[in-house]
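Take a look at the structure set out below.
The values are calculated or read from the model by the stated rules, or taken from the named source; none is laboratory data. What you see is a predicted model; the values in this text were computed from it and never measured. For neighbour counting, all protein chains shown are included, and Cβ atoms are generated from backbone atoms with ideal geometry for every residue, glycine included.
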Amino acid sequence: MGIETAHRIPGTAEVVIDIPPVNAFAVDHWFGLAEAVLAAGRDPEVRVVVLRAEGRGFCAGVDIKEIQAKGDEALIGCNRGCAAAFAAVYDCEVPVIAAVHGFCLGGGVGLVGNADIVVASEDATFGLPEVDRGALGAATHLSRLVPQHRMRSMVYTAEPATAAELHHYGSILKVVPPGELVEAAYEVAGRIATKSPTIIRRAKESLNGIDPVDVKRSYRYEQGFTYELHVAGVADEQRAAFVEKRDADTSR
């Protein structure tokens, strides 16, 4: 359990998230995922990476209980770990296909938004509950999945969008029954794996080079506001309410 890498078919690496009970990432998990994705992309035999998860959902975001227990140390670690993991998906030398099922929240949106291709199961939902958790971030990545005004409504309300909605926008390539998700991801991966590894790597590099937004700088800008809310004391109430399973005081 944790982050594991496997090789199912030639030319393909599979990075699997398995962090029970809900795939909520502690600091070490973010850095571990970054290392696994980058290592997979550096393998000269690999032409495409499939990023998927086991369990009830793709990713529940950061481990809020760790932040509440360790304070500044964990918050800074999560900020840097999230930035490293999101950047690893973006900078991976080969295309990354995200295969998403169940909930994809917070940091999960950061991973998926930086992926090259997304396939999802019919039960997949995508959301940023950050406003309800005293944080901000990954709107940069959500903007790559939904239109600008839809992104803003999702940030302000913390309400998720369905896989069907994202498929309508064109950001999800395929939506399939849950039992067919891995097969669907590998069907796409298999087509990429037949291409020249040199050309595929240059294609990934060239597409990153023409991106209109610097996703790494944009995300780090967002993170500054997360720390501001933490220092102001507002974030602690939101996180405590989540951990204690109660309504938060929203008077501030």
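Quick notes on this structure:
- Scanning region 67-91 for residues that are surrounded by fewer than 19 Cβ atoms within 10 Å (Cβ to Cβ) and of a type in the set (Val, Ile, Thr) yields one hit, ILE76.
- Some residue of region 32-41 being touching a Lys or Arg at 6+ places or on another chain (Cβ under 8 Å), buried (at least 23 other Cβ atoms within 10 Å of the Cβ) and at pLDDT 95 or above: no
- Qualifying residue in region 140-154 (condition: surrounded by fewer than 19 Cβ atoms within 10 Å (Cβ to Cβ), more than 18 Å from ALA53 (Cβ to Cβ) and of a type in the set (A, V, I, L, M)): no
- Flag for GLY190 being of a type in the set (Gly, Ala, Ser) and either surrounded by 19 or more Cβ atoms within 10 Å (Cβ to Cβ) or touching a residue at least 12 places away in the same chain (Cβ under 8 Å) (or both): yes
- Test: residue in region 59-67 that is β-branched (Val, Ile, Thr) and in contact with a Lys or Arg (Cβ under 7 Å, 6 or more places away or on another chain): yes
- A search for C-beta distances below 9 Å between a residue of region 176-187 that is at negative phi and any residue that is crowded, with 19+ Cβ neighbours inside 10 Å and in a loop (DSSP other than H, G, I, E, B), counting only pairs 6+ apart in sequence or on different chains, returns PRO178/HIS101; PRO178/GLY102; PRO178/ALA124; LEU181/HIS101; LEU181/ALA124.
- Restricting attention to region 59-97 and to residues that are in contact (Cβ under 8 Å) with a residue 40 or more places away in the chain and acidic (Asp, Glu), the residue that is farthest from ALA36 (Cα to Cα) turns out to be ASP72.
- Among (1) touching a Phe, Trp or Tyr at 6+ places or on another chain (Cβ under 9 Å); (2) closer than 30 Å to GLU244 by Cα; (3) assigned to a helix (DSSP H, G or I), the one test that PHE126 misses: (3)
- The test for being more than 19 Å from SER218 (Cα to Cα) and part of a loop (DSSP other than H, G, I, E, B) does not hold for GLY41.
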